[in-house]
Amino acid sequence: MNHLDSVLHGFQVALQPGNLVFVALGVLIGTFIGVLPGLGPTATIALLLPLTYVLDPAPAIILLAGIYYGSVYGGTITSVLLRIPGEASSVVTTFDGYPMAQKGRAGPALGIAAVGSFVGGITATVFLVVLAPLLAGVALNFGPPEYTLVALTGVLLVAWMGNVSVGRALVAAGLGLFLATVGLDSVSGEPRFTLGSTDLLAGLSFIPIAMGLFGLGEVLYSIDKSPTGTKIKHKIGRIWPSRADFRQSGGALARGTLLGSVLGLLPGGGSVVSSMTAYVVEKRRAKDPSRFGKGAIEGVAGPEAASNAGSTTAFVPLLTLGIPPNVVLALLYGALLIQGITPGPSLMVNQPDVFWGVIASMFVGNVLLLVFNTALIGAWVQVLRVPITILSTVALVVMLIGVYTVQNRVSDIVVMLVFGLLGYALRKFGYEVGPLVLAFILGGILEVSLRQSLLISGGDFSIFVTRPVSLGILAVVAVVVLVAFGRRWALSRRGIAPAQEERAPEDAERS
C-alpha cells in the first residue's frame, strides 16, 4: 500500500458513519471538558478508559483523540470570558483574550481562536501525514537495545522537561517503575511485591491507576479549588472576525502554526510550550509591543494556532516510536495497550485502520471543531454556570461503575480509591503524576527489552553504544537534556522557578 493509498484508506475508516459519530462526540466532549476549569482532558480520558474494552481499537482511539484536541480549544472560552484558563495551554490566551472581552470584543477573540485552532490543527495533521511514515520507516530497524533506550528516553525526557523540579519528577518516575514490577516476573515466573494477594499476581491494572490518579485525584483537587459556578460579565456579540482582524492576525496564525508543528514533536513540548513560545515571538516582533496584554488580536491568534498544532504533532512520537510525549498521550498509549496494540514502528503495518484512521479523523475533527465552536458559544457559556460539585459527583459515580465493570473485581475499586488519594496528595504537594504514569506504562517494555539486550550481548552493556541507531538515540537524548537544562538555567537567571509555570493557571484564576 503506497502513501496515497494509505491516506485514502484512513479517510475510508474515518468517514464510516460510526466513526464519524465518535469524532463528533470526541470534539464535543473535549470542548465541554475544556470549558470547565479544573476538569481537563486527562481526567476525562481516564474516566472513559473502560469504554476501550467494548469498542474496536480505531473508534476508541478516534474518540479519545477527539477529546484531546477538542479540549485544547475549550479552555479558550473561559480564558477569554473569565480570565480562567480551562487548560494550561490556554493561560497565554488570557493575556490578550480577556482584555479584548473587556473592550466588547469577546466575539472576535473567540472567533479568531477557533480559526487559529482550525488552521493549526489542519496544517499539523499534514505534518503528521508526511513525517510519521518516514520516522516509522527508520524505527522498523529497531531491536531490543533501541527499544530499551526509547522507553528510558520517554520517561527521562518528560521528567526533565516537566514543570516541577527534576528531583521530584524523577521520584515520581521511580515510583512508576517500581509499580510496573508488581506481579509475576516475566522470565522466572516468581511473584514480586504481591503481598500474598492473588489479585496482584497479574500486576496492577492500568485503568484503576489512571482513573484514580487523574480521574478521582483531579475531581478532589477541583472541588478543593472551585466549588461553585461562575458568572459571565461580558457580552459576546458577533463571533466571526472582520477582514481587518484577519489581516492583522494572518502572520501570527502562520507563525504559530509552524512553531507548534515543530515544538509538538518534542517530549514535554505539546500545546503548552507551543502556545507560550508563539506569544513571546509575536510580542518581540511587533512594532508596538505595548499593545500586548491590552487586547492585541495577534496575542490570541498565534498561541491558539500553536497550541492546536502542538497537540496534533505530538501524535508523531506516540504512533511511530511508542513514546508518549505528554500525560494525555500516555493515557492514549495505555488505551492502545488495553486493546492489545503496542504503539511503535510496526503500528502502521500491523494496524493500518488505527494508524491512518486516527490521522484522517483529525482532519474531520478540526473541521467539526470550527463549525461547533462558532455555532455553540452560547451553549458553552451556559455550561460555565453548572457548579463543579454536581459534575464531580456524576464523574465519581461513573468512575466507580466503570472501574468495576472492566474486570468485575472489587479490588480494582480499592486500587482506584488509593491512587485517587495519592493523586490528590501529589497535586497538593507540588508533584507531577505524569512521570509516574509514563514510567508505569513504559516500565514493562523497558524491563523486557533491557533483559533481552543483555541476553543478546552476554551481559555486555556496550551493546547500547556500538549499534548506530542506539548511539543516535543517546545523542538525541543528550541534546534534549542540554536544552532542558538551558531552559531551566534561563528561567533561574530571570528569577523564575520552573515550578512557578505550573501554578500559572491558578494564579490567573485568582486574578
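The values are calculated or read from the model by the stated rules, or taken from the named source; none is laboratory data. Because the structure is a prediction, the values reported are computed rather than measured. Every residue, glycine among them, receives a Cβ derived from its backbone with ideal geometry; neighbour counts consider all protein chains shown. Accessible surface is based on the protein model in full, side chains and every heavy atom, while ligands, DNA and RNA are left aside. Shrake-Rupley method; radii C 1.70, N 1.55, O 1.52, S 1.80 Å.
So here's what we get for this one:
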{"quantity": "Under 5 Å, built H, 5+ apart or other chain: amide partners of R192", "calculated": "G183, L184, D185"}
{"quantity": "Rg/Rg_globular for region 3-466, with Rg_globular taken as 2.2 N^0.38 Å and Rg from C-alpha atoms", "calculated": "0.96"}
{"quantity": "Net length gained if the chain between R192 and R409 were fully extended (0.36 nm per residue, minus Cα distance)", "calculated": "76.0 nm"}
{"quantity": "Prolate/oblate/rounded call for region 52-112, Cα gyration tensor, a/c under 1.5 rounded", "calculated": "prolate"}
{"quantity": "Additional length obtainable on full extension of the chain from F246 to T181, 0.36 nm per residue less Cα span", "calculated": "18.0 nm"}
{"quantity": "Gained length - L201 relative to W489, 0.36 nm times residue gap less alpha-carbon distance", "calculated": "99.2 nm"}
{"quantity": "Carbon/sulfur fraction of accessible area - region 3-466, other protein chains in place, 1.4 Å, %", "calculated": "67"}
{"quantity": "Protein-only accessible surface order, largest first, of K287, K428 at 1.4 Å", "calculated": "K287, K428"}
{"quantity": "FRET efficiency, 1/(1 + (r/R0)^6) with R0 30 Å, evaluated for L135 and A478 via beta carbons", "calculated": "0.95"}
{"quantity": "Where region 3-466 is the region considered: accessible area per residue in Å², 1.4 Å probe", "calculated": "37"}
{"quantity": "Loop-resident sites, region 373-475, for chymotrypsin sites (Phe, Trp or Tyr not before Pro), counting at most 13 other Cβ within 10 Å (DSSP)", "calculated": "F429, F461"}
{"quantity": "Peptide ranges 299-307, 245-253, 313-321 listed from the most packed, as the mean C-beta count within 10 angstrom indicates", "calculated": "299-307, 313-321, 245-253"}
